[in-house]
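S.K.: Just dropping this structure here.
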Amino acid sequence: MNRKKKFDFGEFWNIYRRKPGSLIVLILVLLSAVVTVGVLFSLIIYILVNGVTHLKPELFAWEFNTDNMSMMPAIVSTVYMTVLSLIMAVPVGIFSAIYLVEYARRGSRLVKVVRTTTETLQGIPSIVYGLFGYILFVITLGWSYSLIAGAVTLAIMILPLIMRTTEEALMSVPDSYREGSFGLGAGKLYTVFKLILPCAVPGILAGVILAIGRIVGESAALIFTAGTVAQVPGSLFDSARTLSVHMYALLSEGLYTDEAYATAVVLLILVIIINALSGMVAKKLATR
């Protein structure tokens with residue numbers, strides 16, 4: 001039976017005394033980790049302390065009015081917006097990445113241009129996507145402020161993220177898998193979808209999780225495209241207010257700060273639940 005080795009400070013000091021540079025790097029890494037975790041927990045505690053006490057049953061009424069300031073329509077709109085955006089962006093992003101990695105000639109100019117473009121699009125502020133969606137979908141196509149206008153705008157915004165993460169996940173699969181599959185007589189299509197893609201699923205899901213987080217927390221792009229009507233949308237062309245937009249609207253008015261903090265708590269819990277469920281699915285797929 002293996003016994004855990006106890007920490008020996010003397011041995012630790014002898015190792016790093018001969019390499020002071022490594023000790024400095026170790027200290028900086030530990031400090032960075034402590035600061036990052038400290039900031040994260042500080043934000044979470046701040047939101048919970050200021051928001052939990054203001055959670056009331058009225059905030060979860062089905063219909064919104066100036067008396068209850070219900071967030072339930074915003075919760076439903078957030079779910080609608082997330083599902084619609086993922087339905088449009090995930091298949092396009094995954095199949096585009098499959099083409100770039102598995103079918104396009106490696107090192108070709110097309111691959112370089114597409115990668116440079118996607119990396120550039122990831123750095124564009126969301127307000128720019130909002131203005132683009134406002135001009136194209138709201139005005140030019142005449143969709144007005146609607147759920148579909150916001151969903152398409154968000155799909156365009158998260159598409160580069162899904163493409164890059166999927167591409168990196170596919171590239172992380174060893175080439176020996178492909179060579180072995182081809183050597184056994186399997187075709188390109190079978191190799192990609194039965195061997196390579198299942199191995200890359202955990203990495204692909206990581207990108208989808210990041211995309212969900214960006215959708216749920218987005219407000220700037222949706223104000224210009226989906227609008228701020230606090231009602232459950234009856235169709236794709238009805239205006240919708242997500243949780244982040246709802247929280248922004250409450251804070252901007254300056255009269256419902258307590259309700260805004262309560263909305264922040266619900267938004268935080270929603271993101272944690274989504275990340276936890278996605279992580280469990282990714283872990284099970286990775287185990288298989």
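S.K.: Looking only at region 257-267, how many residues end up being hydroxyl-bearing (Ser, Thr, Tyr) and either open to solvent by less than 50 Å² (accessible area, probe 1.4 Å) or in contact (Cβ under 8 Å) with a residue 60 or more places away in the chain (or both)?
M.R.: Taking region 257-267 and keeping what is hydroxyl-bearing (Ser, Thr, Tyr), we get 257, 261, 263.
If we keep only those that are either open to solvent by less than 50 Å² (accessible area, probe 1.4 Å) or in contact (Cβ under 8 Å) with a residue 60 or more places away in the chain (or both) too, we end up with 261, 263.
Of the residues in region 257-267, 2 are hydroxyl-bearing (Ser, Thr, Tyr) and either open to solvent by less than 50 Å² (accessible area, probe 1.4 Å) or in contact (Cβ under 8 Å) with a residue 60 or more places away in the chain (or both).
S.K.: Among residues belonging to region 207-218 that are of a type in the set (A, V, I, L, M, F, W, C) and open to solvent by less than 50 Å² (accessible area, probe 1.4 Å), point out the one that is nearest to Gly142 (Cα to Cα). Don't jump to the end; show me each part of the working.
M.R.: Start the filter on region 207-218 by keeping residues that are of a type in the set (A, V, I, L, M, F, W, C), which leaves 208-212, 215-216.
If we keep only those that are open to solvent by less than 50 Å² (accessible area, probe 1.4 Å) too, we end up with 208-209, 211-212, 215-216.
On the way: Val208: 30, Ile209: 32, Ala211: 27, Ile212: 27, Ile215: 23, Val216: 25 Å.
Filtering region 207-218 for residues that are of a type in the set (A, V, I, L, M, F, W, C) and open to solvent by less than 50 Å² (accessible area, probe 1.4 Å), the one nearest to Gly142 (Cα to Cα) comes out as Ile215.
S.K.: Taking the criterion of being surrounded by fewer than 19 Cβ atoms within 10 Å (Cβ to Cβ), in a helix (DSSP H, G or I) and in contact (Cβ under 8 Å) with a residue 60 or more places away in the chain, would at least one residue in region 219-232 satisfy it?
M.R.: There is at least one residue in region 219-232 that is surrounded by fewer than 19 Cβ atoms within 10 Å (Cβ to Cβ), in a helix (DSSP H, G or I) and in contact (Cβ under 8 Å) with a residue 60 or more places away in the chain.
S.K.: Looking at Val29, Val52, Val25, can you tell me which residue is under 30 Å from Ala262 (Cα atoms), open to solvent by 70 Å² or more (accessible area, probe 1.4 Å), assigned to a helix (DSSP H, G or I) and modelled with pLDDT of 65 or more? Give the steps one after another, and end with the answer.
M.R.: Working: Val29 fails: under 30 Å from Ala262 (Cα atoms); Val25 fails: under 30 Å from Ala262 (Cα atoms).
Going through Val29, Val52, Val25 in turn, just one is under 30 Å from Ala262 (Cα atoms), open to solvent by 70 Å² or more (accessible area, probe 1.4 Å), assigned to a helix (DSSP H, G or I) and modelled with pLDDT of 65 or more: Val52.
S.K.: Which residue out of Val83, Val76, Val92 is touching a residue at least 40 places away in the same chain (Cβ under 8 Å), open to solvent by 30 Å² or more (accessible area, probe 1.4 Å) and closer than 27 Å to Gly133 by Cα?
M.R.: Working: Val83 fails: touching a residue at least 40 places away in the same chain (Cβ under 8 Å); Val76 fails: open to solvent by 30 Å² or more (accessible area, probe 1.4 Å).
None of the other options fit; the residue is Val92.
So that you can scan it fast, the table gives a plain yes or no per residue for (1) more than 22 Å from the chain's Cα centre (by Cα); (2) open to solvent by 70 Å² or more (accessible area, probe 1.4 Å); (3) within 18 Å of Phe60 (Cβ to Cβ):
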site: Ser235; (1), (2), (3): yes, no, no
site: Ala240; (1), (2), (3): no, no, yes
site: Leu243; (1), (2), (3): no, no, yes
site: Met247; (1), (2), (3): no, no, yes
site: Leu255; (1), (2), (3): yes, yes, no
site: Ile269; (1), (2), (3): no, yes, yes
site: Lys283; (1), (2), (3): no, yes, no
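S.K.: If you don't mind, there's one more thing I want to ask. Could you please let me know if Tyr248 is hydroxyl-bearing (Ser, Thr, Tyr) and in contact with a Leu (Cβ under 9 Å, 6 or more places away or on another chain)?
M.R.: On the way: hydroxyl-bearing (Ser, Thr, Tyr): yes; in contact with a Leu (Cβ under 9 Å, 6 or more places away or on another chain): no.
It is false that Tyr248 is hydroxyl-bearing (Ser, Thr, Tyr) and in contact with a Leu (Cβ under 9 Å, 6 or more places away or on another chain).
S.K.: Only one of Ser235, Ser239, Ser278 is in a helix (DSSP H, G or I) and polar (S, T, N, Q). Can you tell me which? Working first, answer last.
M.R.: Values: Ser235 fails: in a helix (DSSP H, G or I); Ser239 fails: in a helix (DSSP H, G or I).
Answer to the selection: Ser278.
S.K.: Test Ser42 against the stated conditions and say whether it is assigned to a loop (DSSP other than H, G, I, E, B) and over 22 Å from Ala151 (Cα atoms).
M.R.: no
S.K.: Hey, can you tell me all the residues within region 135-166 that are of a type outside the set (Val, Ile, Thr), over 17 Å from Thr242 (Cα atoms) and more than 16 Å from the chain's Cα centre (by Cα)?
M.R.: Passing the criteria: Leu136, Phe137, Leu141, Gly142, Trp143.
S.K.: Consider Val192 carefully, then state whether it is in contact with an Asp or Glu (Cβ under 8 Å, 6 or more places away or on another chain) and open to solvent by less than 70 Å² (accessible area, probe 1.4 Å).
M.R.: On the way: in contact with an Asp or Glu (Cβ under 8 Å, 6 or more places away or on another chain): yes; open to solvent by less than 70 Å² (accessible area, probe 1.4 Å): yes.
Judged against the criteria, Val192 is a match.
S.K.: Moving to a separate point now. Restricting to helices (runs of 4 or more DSSP H) lying wholly in region 124-189: which have 1 or more residues that are in contact with a Phe, Trp or Tyr (Cβ under 6 Å, 6 or more places away or on another chain) and touching a residue at least 24 places away in the same chain (Cβ under 8 Å)? Spell out the reasoning first.
M.R.: Working: elements: 126-133, 147-171, 175-183.
In region 124-189, 126-133, 147-171 are the helices (runs of 4 or more DSSP H) which contain 1 or more residues that are in contact with a Phe, Trp or Tyr (Cβ under 6 Å, 6 or more places away or on another chain) and touching a residue at least 24 places away in the same chain (Cβ under 8 Å).
S.K.: Among the residues of region 127-136, write down those that are within 24 Å of Thr166 (Cβ to Cβ) and either buried (at least 18 other Cβ atoms within 10 Å of the Cβ) or in contact with a Cys (Cβ under 7 Å, 6 or more places away or on another chain) (or both). Talk me through it step by step, then tell me what you get.
M.R.: Initially, region 127-136 is screened for residues within 24 Å of Thr166 (Cβ to Cβ), giving 128-129, 132-133.
The answer is Tyr129, Gly133.
Table: residues versus (1) of a type in the set (Val, Ile, Thr); (2) farther than 20 Å from Met88 by Cα; (3) out of contact with any His (no Cβ under 8 Å at 6 or more places or on another chain).
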| position | (1), (2), (3) |
| --- | --- |
| Pro198 | no, yes, yes |
| Ile209 | yes, no, yes |
| Ile215 | yes, no, yes |
| Ala226 | no, no, yes |
| Pro233 | no, no, yes |
| Phe237 | no, no, yes |
| Ser244 | no, yes, yes |
| Gly254 | no, yes, yes |
| Glu259 | no, yes, no |
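S.K.: Answer yes or no as to whether Glu63 is open to solvent by 50 Å² or more (accessible area, probe 1.4 Å), on the phi < 0 side of the Ramachandran plot and not in a helix (DSSP H, G or I). Walk me through how you get there before you give the answer.
M.R.: On the way: open to solvent by 50 Å² or more (accessible area, probe 1.4 Å): yes; on the phi < 0 side of the Ramachandran plot: yes; not in a helix (DSSP H, G or I): yes.
For Glu63, the condition - open to solvent by 50 Å² or more (accessible area, probe 1.4 Å), on the phi < 0 side of the Ramachandran plot and not in a helix (DSSP H, G or I) - is met.
The values are calculated or read from the model by the stated rules, or taken from the named source; none is laboratory data. In this text, all values refer to a predicted model and were calculated from it rather than measured experimentally. Here Cβ is always computed from backbone atoms with ideal geometry, including for glycine, and neighbour counts include all displayed protein chains. Keep in mind that these areas ignore ligands, DNA and RNA; they rest on the heavy atoms of the full protein, side chains included. Shrake-Rupley method; radii C 1.70, N 1.55, O 1.52, S 1.80 Å.
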